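What follows is one structure encoded as structure tokens, with my remarks underneath.
The values are calculated or read from the model by the stated rules, or taken from the named source; none is laboratory data. Nothing here was measured: the structure is a model prediction, and the numbers come from that model. Cβ placement follows ideal geometry from the backbone for every residue including glycine, while neighbour counts extend to all protein chains displayed.
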């Protein structure tokens, strides 16, 4: 059974979400502040976390940073604010999705299920985007049955984005993931490689699109069939 952590200082929200999640068969763990969330992360196996931004002792941004540093599972951040700057902060520390209060519990359920599906793709040797298949063992991309050999950094960049469809990655995050923390260049390197990937695949397929998220970075969207 999948374990979900709800970290929110509002007891009513925790109880409401617990009710809906348990009805879907999830095991729910609760934390009323960031410190409790950290303790739960250390003690339990968590598969997804729903984290409120504004919490006492340790806020949701710090909790998200901790999850990205020590664990590997999706995070949905909750906030009462709907400002772009607040969302930019959340995505910069690695959140996978953002939901503004008030929200419908069923919408959160839809997002949880979608994220869990995407994360299951990450451990697969092959990532399928409609007719495009990315083989992470052979470093090959097959597009409608035709083999495409990409330069290594382009392949790694495409594979990273395709592993987490719809997740927004900042340029800084992509630099660290693909080029490493000791990279001496600047984040325009990401823009150059994205431009090359777009050019290569726009001529061959519409299976997916790499979108620019203004002021933040990039995300890959799979075309709905």
If you take the residues of the stretch 72-85 that are in contact with a strand residue (DSSP E or B) (Cβ under 9 Å, 6 or more places away or on another chain) and surrounded by fewer than 18 Cβ atoms within 10 Å (Cβ to Cβ), which of them is nearest to residue 102 (Cα to Cα)?
80
Quick one: in the stretch 1-12, of everything that is within 15 Å of residue 76 (Cβ to Cβ) and without any contact (Cβ under 8 Å) to a residue 60 or more places away in the chain, which residue is surrounded by the fewest Cβ atoms within 10 Å (Cβ to Cβ)?
3
Report whether or not residue 135 is surrounded by 15 or more Cβ atoms within 10 Å (Cβ to Cβ), more than 19 Å from the chain's Cα centre (by Cα), under 30 Å from residue 54 (Cβ atoms) and not assigned by TED's automatic domain parsing to the domain that holds residue 50.
no
Could you check how many residues of the stretch 20-42 are touching a strand residue (DSSP E or B) at 6+ places or on another chain (Cβ under 9 Å) and either under 18 Å from residue 74 (Cα atoms) or not in a loop (DSSP other than H, G, I, E, B) (or both)?
15
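So which residues in the stretch 3-36 are within 21 Å of residue 119 (Cα to Cα) and touching a helix residue (DSSP H, G or I) at 6+ places or on another chain (Cβ under 7 Å), if there are any at all? Walk me through it before giving the result.
Initially, the stretch 3-36 is screened for residues within 21 Å of residue 119 (Cα to Cα), giving 3-7, 21-22, 24-29.
Across the stretch 3-36, the qualifying residues are 4, 5, 6, 7, 24, 28, 29.
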Can you name every residue in the stretch 48-65 that is surrounded by 19 or more Cβ atoms within 10 Å (Cβ to Cβ) and not in a strand (DSSP E or B)?
53, 55, 60, 61, 63, 64
Report the residue count in the stretch 174-196 for those that are under 17 Å from residue 94 (Cβ atoms) and modelled with pLDDT of 90 or more.
4
Give 155, 110, 169 a once-over and let me know the one that is under 28 Å from residue 2 (Cβ atoms), surrounded by 15 or more Cβ atoms within 10 Å (Cβ to Cβ) and either assigned by TED's automatic domain parsing to the domain that holds residue 203 or without any contact (Cβ under 8 Å) to a residue 60 or more places away in the chain (or both).
169
Contact list please: Cβ distance under 6 Å, first residue in the stretch 199-210 and free of Cβ contacts under 8 Å to residues at least 40 places away in the same chain and on the phi < 0 side of the Ramachandran plot, second residue assigned to a strand (DSSP E or B) and surrounded by 13 or more Cβ atoms within 10 Å (Cβ to Cβ), pairs at least six apart or on different chains.
209/221
For the stretch 91-107, give me each residue that is without any contact (Cβ under 8 Å) to a residue 60 or more places away in the chain and either under 11 Å from the mean Cα position of the chain (by Cα) or over 20 Å from residue 9 (Cβ atoms) (or both).
93, 95, 98, 104, 107
With 147, 174, 115, 161 as the choices, which residue is buried (at least 18 other Cβ atoms within 10 Å of the Cβ) and either touching a helix residue (DSSP H, G or I) at 6+ places or on another chain (Cβ under 7 Å) or part of a strand (DSSP E or B) (or both)?
174
Condition check for residue 99: touching a helix residue (DSSP H, G or I) at 6+ places or on another chain (Cβ under 9 Å) and either part of a strand (DSSP E or B) or on the phi > 0 side of the Ramachandran plot (or both)
yes
Are any residues in the stretch 177-219 within 17 Å of residue 151 (Cβ to Cβ) and either crowded, with 18+ Cβ neighbours inside 10 Å or assigned by TED's automatic domain parsing to the domain that holds residue 84 (or both), and if so, which ones?
178, 179, 190, 193, 194, 197, 201, 210
